[in-house]
Amino acid sequence: MKNYFNYLFTLIVILLIFSSCMSGTTKPKLLVNTEAEIDILIINGTVYSGENTSPQQLNVAICKQEVCGIYPKGVTKKAHKTIDASGKIVSPGFIDPHTHTLAELLSQDKNNNLNYLSQGVTTVVNGNDGDGPVNIKLMSERLTKNGIGTNVALLVGHGSVRKQVMGKVQRYANEDELKQMQQLVTKAMQDGALGISSGLYYVPGSYANTEEVVALATIAGNYHGIYDTHLRDESTFSIGFAAALDEAIYIAEQAKTHLNLAHIKALGVDVWGQSQIAIDKITQAQRRGVSISADQYPWLASGTKLHSAVMPKWVMADSVSAFHKRLNDPELSSRLKAEIKENIRRRGGAKSLLITDFKDENIVGLTLKDVAKQQGLTTVNMAIKLVQQGDVRVASFNMSSEDVERFMVQPWVITSSDGTNGHPRKYASFPKKFQNYVMHKKLLSVNQFIQQSSGKTARILGLTDRGLIKEGYKADIIVIDKKNFKANANFSKWNKYSSGIEHVLVNGQHVIESGRYVNKLAGQFVPLPR
Ligand SMILES: [Zn+2]
């Protein structure tokens, strides 16, 4: 009996609290309290929500880290700080699903990630292409401790996991090795990885068979994570673009995960025009229930290291010294040179490989063809010589604009940068896309561009409280001056900040005010929501 009265009493208390909460919004007293809690109010802007809805003139209220109110323009509210966005676009902060920014985020001077903030990017993904950290917990703690300017989410890299278990040996994994890799991926998913990435084009990912990747992607799928892949072949290097796509779709289908195709492209003259074949394959698979998306950067050149671009995979096995030894082995010479020559041809010839970063700055800005001529060597011998002198970054002009545009308008394609040193995509991908394909070519509407850069991306990555301007969502918000939103970086000056982003809020903190960065590190580690 006593228990019964206790129960009844508790129920009445709960009901009282509940009813006061529900009716609270109509009581003036509570309204005043709510108003006082608004930290930042963005007024008079044209708000794009990140979803497929028309832009509206709205005022957006931010309390602490979250959006806490959205009102019609003209409704006045008290706030600690007001941002007047008259004539400007108010958009969710952009989410970049493919970056290589860990070195910067862990540094002391570039951890503000300003080259991304100034593009309007408030969240970056790392660990793409099979690379990146194996221990997600350790990395997330290091990032948080160091302080970061943008949010960061992590993928666990198949290549890194394989390297930790097997080194760079060129063979398939045995049962025991596979089990060890599965344990590492399980741990990573439990520690908040968004999924698993692979770089089956690169060493050591390229040494894995399809079933190995299925076994690991299945674990990501069990945790509702994605499978993000740099295809085994975007060209005609090994199995060919179409077969590599089939492999990726097969892996996702077997593993029951979402498939994101990293930086989708038809690379090189041999596969130009194959964007249509790719789109057909993808839409067919989607029709039978496979969930597929792709990200894309808006440039006709990819960026990579010279050795990855032109060296055969078998030459690079085991270690750097083994690699260099093979390069100078007279017995391998004729096979090696024939394969390098063919790889250079696929990419459009030595004139299409622009050196963008190297310790000897005299050759930066020259093509492989120029340098070879200068030094009186064949382009193949020049490439062999250069890769032994250190990392040579190249911009590889290997895409056709028809393919780029055909991919860009697909409803399952989102914006990314794949930013790397030496390529302007690291500083200017989002404004470049806006400038070129929204304003100039009118291939996309402003709304489509924003969705491709925020809401759709969040949905693909499984982020449930970012990517939209919506009550309860994290206040990652940008104010764009449409007329001045532009790329300043290009292939001769790749590291110039972009302009036109007037205000940036990261987790409710105002980090760019009237175009000026105010030295606040407001980024957080973003785990895959449970
Ligand atoms: Zn890649």
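A count restricted to region 208-220 and to residues that are in a helix (DSSP H, G or I), open to solvent by 10 Å² or more (accessible area, probe 1.4 Å) and in contact (Cβ under 8 Å) with a residue 24 or more places away in the chain stands at 5.
Matching residues to (1) within 15 Å of the ligand (Cβ to nearest atom); (2) modelled with pLDDT under 95; (3) among the β-branched types (V, I, T):
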site: I219; (1), (2), (3): no, no, yes
site: D228; (1), (2), (3): yes, no, no
site: D246; (1), (2), (3): no, no, no
site: S275; (1), (2), (3): no, no, no
site: Q284; (1), (2), (3): no, no, no
site: A317; (1), (2), (3): no, yes, no
site: R326; (1), (2), (3): no, no, no
site: P330; (1), (2), (3): no, no, no
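Note on region 139-160: residues that are more than 16 Å from the ligand (Cβ to nearest atom) and either open to solvent by 10 Å² or more (accessible area, probe 1.4 Å) or at pLDDT below 95 (or both) amount to 8.
When restricted to residues that are open to solvent by less than 30 Å² (accessible area, probe 1.4 Å), within 16 Å of the ligand (Cβ to nearest atom) and outside any helix (DSSP H, G or I), region 415-455 contains 8. Checking each residue in region 109-138 for being open to solvent by less than 20 Å² (accessible area, probe 1.4 Å), outside any loop (DSSP other than H, G, I, E, B), of a type outside the set (F, W, Y) and in contact with a strand residue (DSSP E or B) (Cβ under 7 Å, 6 or more places away or on another chain) picks out L117, V121, T122, T123, V124, V125, N126, I136.
To keep it simple, each residue is scored yes or no on (1) more than 19 Å from the chain's Cα centre (by Cα); (2) surrounded by fewer than 24 Cβ atoms within 10 Å (Cβ to Cβ); (3) closer than 25 Å to D403 by Cα.
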| residue | (1), (2), (3) |
| --- | --- |
| R162 | yes, no, no |
| M166 | yes, yes, no |
| A188 | no, no, no |
| H224 | no, yes, no |
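Among the candidates I40, I89, the residue that is at pLDDT 95 or above and touching a Cys at 6+ places or on another chain (Cβ under 9 Å) is uniquely I40.
Of everything listed in (1) surrounded by fewer than 22 Cβ atoms within 10 Å (Cβ to Cβ); (2) assigned to a helix (DSSP H, G or I); (3) more than 16 Å from the ligand (Cβ to nearest atom), the single unmet condition for V290 is (2). Contact map, region 185-201: residues that are in contact (Cβ under 8 Å) with a residue 24 or more places away in the chain paired with residues that are in a loop (DSSP other than H, G, I, E, B) and among the aromatic types (F, W, Y), Cβ distance under 9 Å, separation 6+ or inter-chain. Pairs shown: T186/Y223; M189/Y223; Q190/Y223; A193/Y223; G195/Y223; Y201/F237.
Quick grid of which residues meet (1) away from the ligand (no atom under 16 Å from the Cβ); (2) closer than 22 Å to V156 by Cα:
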{"position": "G93", "(1), (2)": "yes, no"}
{"position": "P97", "(1), (2)": "no, yes"}
{"position": "H100", "(1), (2)": "no, yes"}
{"position": "L105", "(1), (2)": "yes, yes"}
{"position": "N113", "(1), (2)": "yes, yes"}
{"position": "L117", "(1), (2)": "yes, no"}
{"position": "T122", "(1), (2)": "yes, yes"}
{"position": "N128", "(1), (2)": "no, yes"}
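The values are calculated or read from the model by the stated rules, or taken from the named source; none is laboratory data. Just so you know, these numbers come straight off a predicted model, no measurement behind them. Heads up, the Cβs are rebuilt from the backbone with ideal geometry, glycines too, and the neighbour counts pull from every protein chain shown. Each accessible area value is taken on the protein alone, full model and side chains, heavy atoms only, with ligands, DNA and RNA left out. Shrake-Rupley method; radii C 1.70, N 1.55, O 1.52, S 1.80 Å.
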